[in-house]
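Student: Below: one structure in structure tokens.
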């Protein structure tokens, strides 16, 4: 006589017993909580769509009009202008200004070097004069 038939009614003993792991398995580890595999992305296909042929030069000149004022974005700053020629003049003048600043810095550096040389020669002469007297 089997133990299941002895202590359990016949309706329960007729079914097959579940394995221990299935009886006490936590729902957290079931397959329904596992992530599904991510499908492989397919390459974009532009069949039926026209090829993008935008002229990027159109996007280089950004302008903003507020009332009667117009602002243009050039060289990383917004400049006030009423005509397109004004922006070109401003850019040209800014570049010239930067070049003149660099030239001024170079001239100041040359002057400092010349003053250092002059001071060095003056000290040498002042050391030689007392020896002559």
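Student: Quick check on packing: order 92-103, 69-80 by the mean number of other C-beta atoms within 10 Å, highest mean leading.
Tutor: 69-80, 92-103
Student: What length, rounded to one decimal in nm, is gained on full extension from residue 97 through to residue 122, with 0.36 nm per residue of separation minus their alpha-carbon distance?
Tutor: The residue 97-residue 122 span can extend by a further 5.3 nm.
Coordinate-derived values only; no laboratory data. The structure presented is a predicted model; accordingly, all values stated were derived computationally and were not measured. Cβ: placed from backbone, ideal geometry, glycine included. Neighbour counts: every protein chain shown.
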